[in-house]
Amino acid sequence: MNFELTKEQQMIKEMVRDFAENEIKPYAAEWDRTAEFPIETFKKMGELGLFGIPFPEEYGGSGGDTISYAIAVEEIGRACGGVGLSYAAAVSLGASPIYYFGTEEQKQKWLVPMAKGETFGAFGLTEPNAGSDAGGTRTRAVLYGDEYVINGEKCWITNAGYARQVIVTAVTGKDEKGKNIISAIIVPTDTPGFTINCNYDKMGVRASNTCELVLEDVRVPKENLLGDPKKGFKQFLYTLDGGRISIAALSVGIAQAAFEKALKYAKERTQFGQSISKFQAIQFKLADMAMQIELARNMVYKAAWLKDNNKPFTKEASFAKLFASEMGFRVCNQAIQIHGGYGYMKEYEVERHLRDIKLMEIGEGTSEVQRIVIARQLGC
Amino acid sequence: MNIFVLMKRTFDTEEKIVINNGAVSEDGAEFIINPYDEYAIEEAIQVRDKHGGEITVVTVGNEEAEKELRTALAMGCDKAVLINIEDDVEESDQYTTAKILAEYLKDKNPDLILAGNVAIDGGSGQVGPRVAELLGIPYVTTITKLDIDGSKVTVVRDVEGDEEIIETSLPLLVTAQQGLNEPRYPSLPGIMKAKKKPLEELELDDLDLEEDDVEAKTKTIEIFLPPKKEAGKILQGELVDQVKELVSLLHTEAKVV
């Protein structure tokens, strides 16, 4: 056992923290208010190599590990939940599936520019009637000659409005038991018939870009099929396992930001002649917050470590995502409580953390779905 | 061009400083590259990228400084040297550091040496100029601009907010003031590459120095935190009386008049 970060991991943490403090945090409230996607900031992140952390150098990455990536997500999320979400989605959902399952040609064409931060990619899984219930997928892809013709709708797709391509899951046939076969297909966003609307008015993570996709007779070459045609379902489960580590890391970052504000405020705010941090009622809240954040962070690192060491990590990724998002919600809620009336005002920037963290209990599998995943891993 | 950067690892003075048994407690303190040395590193990189050459970043300290040296390598320096004095030197001051650095540099034929204007911990601003004196080369402190044309060097120096323009020549030592440049963030590929760049560790022995040669010339008597800022006093009453009271307080309480 060794709980110490490596020198590279420490350096990445410091660099990303400095960058996020200077280039993201001062603008987070404004981006939240205007729901602006800060594309220039993402370009700077790209130049620093942040989008390539977990990918090897031969694919434009920097050959870092999942722990380094989780550290980066946490530090960006600590500055802005919305930027953190788009960052995590770009790496875990946009780029990772092509790295895991793509052919060499697909990696060169699609992954390399994403890892270098030159392009965005998105992952189109969720539909109005399907998400974690993949069986409900209605989007269909039919092979005509050398082309797939895709029809369907997707919803709540992160970064699609800025993406060069979206990995779309679609039903491509039925297996011997009559169950739908789901495949993943890379669809360039400039393909005729592919409409992307980004008009959602979200509760939180408002600096993140979220879109609805409509595919009407969208034709793509059959080489754009990603990975095994019959294992689309398994592939996206693996992708989501990785994504859950990043959502857990993001939850830790948002909670850390809320906690730091609450601690600072509690030390400054005076009531009944003393700082409210001297009252046990407030101390106990702060103690619980600090403890839960640290426990969640440890679980994030463990899940990431398992992934880096090629060990099974499905259960641990779910543990991390479920615990971190639920503790994050409690921490952000208590941070407002400690601030009292001021916390309810946007000016104090703590209410944003609660709105941002709420998504973490929903996206990439709700808390309820995480419990199902964990229970299945237990053999239930 | 043969470029050297003198770098110090310091605790982050923006974090809370705790004093224990007459020394700054290092437990839980955040350590960083001295911010003024970051300007020096950035300037060195820009000079090298424009004129070619190699940058060696040097520090005197203990093995903990490896992380800061690696960060300098990640920013773009080519080589790092750690002069580890942990086992050899008990008490050190600016003289100690300058003597060691000068001894290391004397046979390296440096064209340009860059350092921070001051370190944010000790804040003496002594090491750079002392090294230049020991090496017998010119130096310019608190610079905000550096132009090199052949061996002719034009430097803009910050003088309490005014500017002084100085022409000088290589070899030269300069110390960096805020405003010289905007230090870059180490990039991810930079961080990963830094692992493979050479980092040499030396001790006093390797420089043919004895502990006596570098013995501190100063003695630290006491270390204490600045007094806690008290709330101000607001005088009441007629203006004439307030002025009288103020004058009397300046005499008796503040004792500044």
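Normalised by the number of residues in chain B, the mean separation of alpha-carbon contacts (under 8 Å, six or more apart) gives a relative contact order of 23 percent. For the pair A:Asp228 and A:Glu368, a Förster radius of 35 Å applied to the C-beta separation gives a FRET efficiency near 0.75, rounded to the nearest 0.05. On a per residue basis, the convex hull of the C-alpha atoms belonging to segment B:214-257 measures out at 117 Å³.
The helix-based estimate of mean residue ellipticity at 222 nm for chain A, built from -39,500 (n - 2.57) per DSSP H run of four or more residues and divided by its residue count, is -15000 deg cm²/dmol to the nearest 500. Among the lysines of segment B:7-133, pairs at least eight places apart or on separate chains and with Cα atoms under 28 Å apart come to 20. Between A:Leu286, A:Leu322, A:Leu143, the residue with the greatest mean-square fluctuation in the GNM of chain A (Cα pairs under 10 Å linked by springs) is A:Leu143. Of the candidates A:Ser86, A:Ser62, A:Ser251, which one comes out as most mobile in a Gaussian network treatment of chain A with C-alpha springs shorter than 10 Å? Maximum fluctuation in the GNM of chain A, among the listed residues, is at A:Ser62. Taking 32 Å as the limit for the C-alpha separation, the pairs A:Lys234/B:Lys195; A:Lys346/B:Lys195; A:Lys13/A:Lys202 exceed it in the case of A:Lys234/B:Lys195; A:Lys346/B:Lys195. Cβ screening of chain A for cysteine pairs under 4.7 Å finds these without a partner: A:Cys80, A:Cys155, A:Cys332, A:Cys380. Here the peptides B:240-247, A:259-266 are ranked by packing, the mean other Cβ count within 10 Å, and the order with the highest first is A:259-266, B:240-247. Interface residues of segment A:1-15, defined as those with an accessible-area decrease of at least 10 Å² between the chain by itself and the complete set of protein chains (probe 1.4 Å), are A:Lys7, A:Glu8, A:Gln10, A:Met11, A:Ile12, A:Glu14, A:Met15. Give the accessible surface of chain B per residue, rounded to a whole number of Å², with probe radius 1.4 Å and ligands, DNA and RNA excluded. About 57 Å² of surface per residue is accessible.
Let a ≥ b ≥ c be the square roots of the eigenvalues of the Cα gyration tensor of segment A:123-230; is it rounded (a/c under 1.5), or, if not, prolate (a/b larger than b/c) or oblate? Here segment A:123-230 falls in the oblate category.
Indicate the residues belonging to segment B:64-90 that lose 10 Å² or more of solvent-accessible heavy-atom surface (probe 1.4 Å) upon moving from the chain alone to the assembly of all protein chains, ignoring ligands and nucleic acids. Flagged in segment B:64-90: B:Glu66, B:Lys67, B:Arg70, B:Thr71. Considering only alpha-carbon pairs that sit under 8 angstrom and 6 or more positions apart, the relative contact order computed for segment A:35-89 is 22 percent. Counting Cβ atoms of other protein chains within 10 Å of each Cβ in A:18-30 and taking the mean gives 1. Relative contact order of chain A, taken over Cα pairs closer than 8 Å and 6 or more residues apart, is 17 percent. In the distance distribution for the protein assembly as shown, Cα-Cα pairs more than 43 Å apart total 36 percent.
Burial annotation for segment A:49-95: residues with an accessible-area loss of at least 40 Å² between the isolated chain and the complete set of protein chains, computed on heavy atoms with a 1.4 Å probe, are A:Ser62. Return the carbon/sulfur percentage of the accessible area of the protein assembly as shown, one whole number, probe 1.4 Å, all protein chains in place. For the protein assembly as shown, the apolar C and S fraction of the accessible surface comes to 48 percent.
Peptides A:341-353, A:147-159 ranked from most to least packed give A:147-159, A:341-353, packing being the mean of other C-beta atoms within 10 angstrom over each peptide's residues.
When chains B and A come together, the accessible area they lose, probed at 1.4 Å and totalled over both chains, is close to 1500 Å². 3J(HN,Hα) couplings calculated from phi for segment B:137-149 with the Karplus curve 6.51 cos²θ - 1.76 cosθ + 1.60 (θ = phi - 60°) are, in sequence order, 10, x, 9, 10, 9, 6, 8, 10, 7, 9, 10, 10, 9 Hz; Gly and Pro show x.
Once label points are set 7 Å from the Cα along Cα→Cβ at both B:Val24 and B:Ile166, what is their separation, rounded to one decimal in nm? The two pseudo-label positions are separated by 2.6 nm. What does the charge count around B:Pro186 come to, taking other residues whose C-beta lies under 13 Å from its C-beta (Lys +1, Arg +1, Asp -1, Glu -1)? Charge balance near B:Pro186 sits at +2. Per residue, segment A:35-109 exposes 29 Å² of accessible surface when a 1.4 Å probe is rolled over the protein heavy atoms with every protein chain present. Considering all C-alpha pairs of chain B, those separated by over 25 Å amount to 50%. Packing, taken as the mean count of other beta carbons within 10 Å per residue, orders the peptides B:64-72, B:100-108 from highest to lowest as B:64-72, B:100-108. Taken along the Cα-to-beta-carbon direction at a fixed 7 Å, the label points for B:Leu225 and B:Glu245 span 3.2 nm.
Based on protein heavy atoms only, segment A:123-230 ends up with 47 Å² per residue of surface accessible to a 1.4 Å probe. With R₀ set to 25 Å, the beta-carbon distance separating A:Trp305 from A:Gln377 gives a calculated FRET efficiency near 0.90. Counts of other chain beta carbons within 10 angstrom of each beta carbon in peptide B:188-199 average 6. To the nearest 0.05, what FRET efficiency results for B:His51 and B:Asp213 with a Förster distance of 45 Å applied to their C-beta separation? Efficiency for this residue pair is about 0.80. Simple spin-label estimate for A:Ser275 and A:Lys13 gives 2.4 nm between the two label positions (7 Å along the Cα-to-Cβ direction from each Cα). Using a Gaussian network model of chain A with C-alpha springs under 10 Å, which one of A:Gln271, A:Gln256, A:Gln292 is most mobile by mean-square fluctuation? Largest GNM mean-square fluctuation: A:Gln271. The C-alpha atoms of chain A occupy a region whose extents along the principal axes are 80, 44, 39 Å, arranged from largest to smallest.
The values are calculated or read from the model by the stated rules, or taken from the named source; none is laboratory data. Note that the coordinates shown come from a computational prediction; the quantities given were computed from them, not determined experimentally. So basically every Cβ, Gly included, is an ideal-geometry build from the backbone, and we count neighbours across all protein chains shown. We work out accessible area using only protein heavy atoms, side chains counted, and drop any ligands, DNA or RNA first. Shrake-Rupley method; radii C 1.70, N 1.55, O 1.52, S 1.80 Å.
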